[in-house]
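Taking it in order: structure first as structure tokens, then the write-up.
The values are calculated or read from the model by the stated rules, or taken from the named source; none is laboratory data. Keep in mind that this is a model prediction, so the values were computed, not measured. Please note: Cβ atoms are built from the backbone with ideal geometry, for glycine as well, and neighbour counts cover all protein chains shown. What goes into the accessible areas is simple: the full protein's heavy atoms, side chains included, and nothing from ligands, DNA or RNA. Shrake-Rupley method; radii C 1.70, N 1.55, O 1.52, S 1.80 Å.
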Amino acid sequence: MTMGTALIYDEEMTKYKLLWVDPACKIEVPERLTVSHEALVRDGLAERCIPIPVREATEADILLVHSEEYLEAVKKTPYMTLEDLKEFTLQYGDVYFHPNIYHCAKLAVGSALQLLDSVMTGKVRNGMALVRPPGHHSMRSAASGFCVFNNVAIAARYAKQKYGLKRILIVDWDIHHGQGVQHCFEDDPSVLYFSWHRYEHQKFWPNLRESDYDNVGKENGAGYNINVPWNKVGMENGDYLSVFCHVLLPVAYEFCPDLVLVCAGFDSAIGDPEGEMCATPDIFAHLTHLLMNLAGGKLCCVLEGGYNLTSLPQSVCQTVQTLLGDPPPRLPSLSAPCKSALESLECVRSAHRQYWSCLKHAANLPNSHVSTKRIKLPGEEDERTEMGEEEKSTEEKVWPEPPKRLSPPIRSALVLPDDVALPDRCQRISSPEELDPLTLSKLRENFLKDVDDCDALTTLSSIITLVEKMEKNEICNGLAVVHSVTMAMMCVVQHVGVTLSNRVLVVCVGNGRVPIHISEDGKTLVVQISSEDAEEQTSKFYVPVCLKKGCSDMSGFIQAVLGLLLPLGYEYEPSLVLLVQMPKSGVCDSMWQQLIGLLQCFAQGHTLVLMQENEKACVGPTASTLLGDPAPPLEQLQAPLSEDVEAVERQRRRLQADWKLLQTTAAAGSGGADGR
Ligand code: Q9C
Ligand code: ZN
């Protein structure tokens with residue numbers, strides 16, 4: 001198993017700057033890199049990474065994407081006078097040149113390639129390259145938007161050429177549209193490009209018609225370019241997560257990439273003068289985590305934008321700490337997606353429904369009242385803000401610094417029968433710590449009154465010990481292999497409910513009655529994926545998903561996980577996740593591992609897995625994923641059965657009034673319930 005996170009940084013890339021007055025370019029400063037790197041050092045993250053040296057890209061590398069004429073022109077810039085540089089700069093938009101920028105641009109490309117090589121040769125699992133200049137705006141023959149060479153586009157071409165990769169996913173979470181990347185791969189089905197970007201009906205830079213949602217790619221590449229235009233500023237965490245759950249992740253799992261590259265711009269974070277969005281730095285922990293189990297964990301993040309010198313380093317730290325394997329922090333009080341975000345979501349899903357089987361059930365045409373192209377009528381109100389333009393741009397946003405993410409001393413602890421060997425790197429809980437007499441007698445009374453089984457009591461007590469240590473953050477997660485998962489499930493839910501004002505997300509995989517009283521107090525939210533029809537249920541806290549072939553059907557299963565379970569979990573915000581594998585569930589190891597990996601985005605990674613004694617073969621894979629190893633990739637998925645798609649959709653529609661993150665359209669009345 002390849003582990004480790006690469007960090008690529010070289011001070012040399014801070015050694016160029018704007019030499020004249022240009023308001024459009026003054027935000028792109030060397031300090032962007034120094035503050036980011038210093039924050040990684042200060043938080044003890046840099047020392048946990050594997051440092052990889054930069055290199056200069058070769059001409060052959062650069063020519064993978066750029067024209068010879070352009071390379072020759074840029075090559076001359078180190079020898080130009082200030083006047084020549086200004087003049088040279090003028091032919092491009094929102095970019096500046098400096099005598100040292102050509103050198104830095106070669107290092108930026110070389111950094112991306114060093115990162116890629118380290119990941120592809122198995123030296124590290126994943127990594128981050130802190131580079132200047134950024135890349136995603138530069139075109140075959142043009143600099144643009146602070147970018148000289150297209151670092152990530154070159155890396156993708158290089159990966160195809162050198163390693164023969166068949167499918168590469170590029171996720172561009174920078175707040176600008178990476179039109180250079182889009183253009184490079186628009187007819188190429190082997191590179192799936194996803195970008196969200198501030199658009200405002202084409203009023204925002206780079207003001208291109210082809211940045212809109214209906215630009216889906218050309219020829220063989222049709223369907224492999226996904227644009228999510230934001231038509232309002234102020235988008236929040238819930239808006240970003242909604243697009244991940246309902247567009248990017250389903251398509252990404254269907255695409256099944258060999259490698260994921262991220263155009264990691266942090267101008268999409270709060271406080272950024274360009275983006276003017278309101279997502280907090282800790283959202284990047286989640287965006288990163290959600291991508292970390294694709295492609296067997298091969299994930300390369302390359303810095304693009306990010307101009308607020310407070311939110312940028314915070315966002316970089318969140319990203320790198322997650323790459324290192326620490327579970328993401330809790331995201332309290334997520335807001336529902338706003339109406340404008342839902343309009344964009346609806347349009348994107350509709351534009352792509354003919355290309356992706358996971359989106360086949362999406363609304364065919366956006367609601368007639370929805371048009372992201374519509375130009376605002378005079379006098380029509382802006383729903384997001386009543387402030388005038390000047391006021392808006394001068395007001396400084398404030399947000400709390402993300403709290404330090406403290407990892408518990410023990411990552412994974414197991415409660416196992418004596419005849420099951422303890423997997424490496426785990427701790428066994430064999431003798432429960434002394435439980436208080438009240439807990440013990442309750443255990444006896446509730447669960448063991450007719451079983452005179454001293455082993456069972458020890459097991460249940462050990463599980464309680466494990467849960468208590470998770471609550472105290474002494475242990476991150478755990479696995480218990482038990483004689484009866486139903487009894488253990490009851491025991492945990494009762495115990496947690498009694499001791500704290502907690503919420504438990506119970507995820508049941510497989511058939512069988514869930515022995516939990518569903519009350520409307522919200523102490524538990526149960527999601528069960530099975531082949532049994534339980535749809536007469538009406539509680540918002542019990543979500544049965546019935547798949548025709550049960551949990552052995554990967555396409556239906558992943559659809560339910562991404563489109564239902566993830567948004568529900570984010571909105572519910574549990575303090576503990578209880579994942580139960582019911583007897584004879586039929587779930588295959590790789591799907592099970594993907595599920596465990598994804599669930600670690602909740603409750604600071606506090607997941608307790610329960611499995612039945614006769615599933616011993618699954619202990620190793622389960623423990624590995626709990627420890628943070630990447631889940632093996634699912635093979636390319638078949639189209640899900642239409643019955644299954646409908647079953648997932650029925651639950652989504654039933655619940656979307658109560659759980660706003662399940663919304664995928666801006667249909668009248670469904671969006672903006674809180675006025676957003
Ligand atoms: N309001 C990247 O983030 N436009 N480039 C500036 C001033 C140019 C951004 C206009 C923005 C380029 C990599
Ligand atoms: Zn940007």
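A few points about this structure:
- Net charge contributed by nearby residues that have their C-beta within less than 10 Å of LEU7 (K/R +1, D/E -1): 0
- Segment 591-651: proportion of alpha-carbon pairs further apart than 20 angstrom, %: 44
- DSSP bridge orientation in the chain - percent antiparallel, rounded to nearest 5: 5
- Expressed as a whole percent, the accessible area of segment 4-391 that falls on carbon and sulfur atoms is 51 (1.4 Å probe).
- Cα gyration tensor shape of segment 273-359, rounded if a/c is under 1.5, else prolate or oblate by comparing a/b with b/c: oblate
- Taking Cβ atoms as reference points and 15 Å as the exclusive limit, the residues near LEU595 contribute a net charge of -4, counting Lys and Arg as +1 and Asp and Glu as -1.
- The amide H of GLY306, built 1.01 Å from its N in the peptide plane, has PHE266, ASP267 as neighbours under 5 Å, considering only residues 5 or more places off or on other chains.
- Compared with the rule-of-thumb size 2.2 N^0.38 Å for a compact globular protein, segment 564-626 has a Cα radius of gyration ratio of 1.11.
- Shape of segment 88-194, Cα gyration tensor, a/c cut at 1.5: oblate
- Stokes-Einstein diffusion coefficient of segment 211-279, Kirkwood radius over Cα pairs, 10 °C, 1.306 mPa s, in µm²/s: 116
- Cα→Cβ-extended label distance, 7 Å offset, between LYS76 and ARG444, nm: 9.1
- The calculated FRET efficiency for the pair ASN100 and HIS201, based on their C-beta separation and a Förster distance of 30 Å, comes to about 0.20.
- A simple rule links phi to the HN-Hα coupling: the Karplus curve 6.51 cos²θ - 1.76 cosθ + 1.60 with θ = phi - 60°, which for segment 133-144 gives x, x, x, 5, 8, 6, 9, 3, 10, 7, 7, 6 Hz, with x for Gly and Pro.
- Taken one residue at a time, the phi angles of segment 9-17 give Karplus couplings (6.51, -1.76, 1.60, θ = phi - 60°) of 7, 8, 3, 3, 6, 8, 9, 8, 7 Hz. Gly and Pro are set to x.
- Directionally averaged projected area (convex hull, Cα atoms, segment 477-658), nm²: 9.5
- Our coupling estimate for segment 172-186, obtained by passing each phi through the Karplus curve with A = 6.51, B = -1.76, C = 1.60 and θ = phi - 60°, is 10, 9, 4, 7, 9, 6, x, 5, x, 5, 3, 5, 4, 10, 5 Hz, Gly and Pro reported as x.
- Solvent-accessible area per residue, Å², over segment 228-287 with all protein chains present [probe radius 1.4 Å]: 10
- Local electrostatic count at GLY510 - Lys and Arg +1, Asp and Glu -1, tallied over other residues with Cβ under 11 Å: -1
- The alpha carbon gyration tensor of segment 4-391 gives principal lengths a ≥ b ≥ c with a/c below 1.5, which makes the shape rounded.
- Placing +1 on each Lys and Arg Cβ and -1 on each Asp and Glu Cβ, with no other charges, gives the chain a dipole about its Cα centre of roughly 760 debye.
- Average Cα contact separation per residue, the chain, under 8 Å, 6 or more apart, as relative contact order %: 12
- Taking each of LYS218/LYS360; LYS76/LYS162; LYS160/LYS616; LYS339/LYS360; LYS404/LYS469; LYS106/LYS298 in turn, the alpha-carbon distance tops 31 angstrom for LYS160/LYS616.
- Residues with amide H under 5 Å from that of LEU576, placed H, sequence gap 5 or more: ARG503, LEU505
- Per residue value of the accessible surface for segment 131-227 (all protein chains in place, 1.4 Å probe), Å²: 29
- Relative to the longest principal axis of the Cα atoms of the chain, helix 642-655 runs at roughly 90 degrees.
- In the chain, the DSSP-assigned H stretches of four residues or longer account for a calculated mean residue ellipticity at 222 nm of -10000 deg cm²/dmol, using -39500 (n - 2.57) per stretch and the full residue count as denominator.
- Here segment 477-658 is treated with +1 on each Lys and Arg Cβ and -1 on each Asp and Glu Cβ, and its dipole about the Cα centre works out to around 240 debye.
- Shown here: the chain, whose C-alpha atoms stretch 91, 53, 46 Å along the first, second and third principal axes, sorted largest to smallest.
- Accessible area per residue, Å², segment 477-658 with all protein chains present, probe 1.4 Å: 33
- Potential extension, TYR163-SER431 segment - 0.36 nm per residue separation minus Cα distance: 91.5 nm
- Paramagnetic reach from GLU401 (point 7 Å along Cα→Cβ, amide N under 16 Å) across segment 292-320: 309-318
- Counting DSSP beta bridges with both ends in segment 4-391, the antiparallel % (nearest 5): 5
- Counted residue by residue at 0.36 nm each, then reduced by the alpha carbon distance between them, the extension gain from ARG650 to ASP22 reaches 220.7 nm.
- Rounded percent of accessible protein surface that carbon and sulfur make up, segment 518-603, 1.4 Å probe: 47
- From the alpha carbon centroid of segment 1-68 to that of segment 419-450 is 50 Å.
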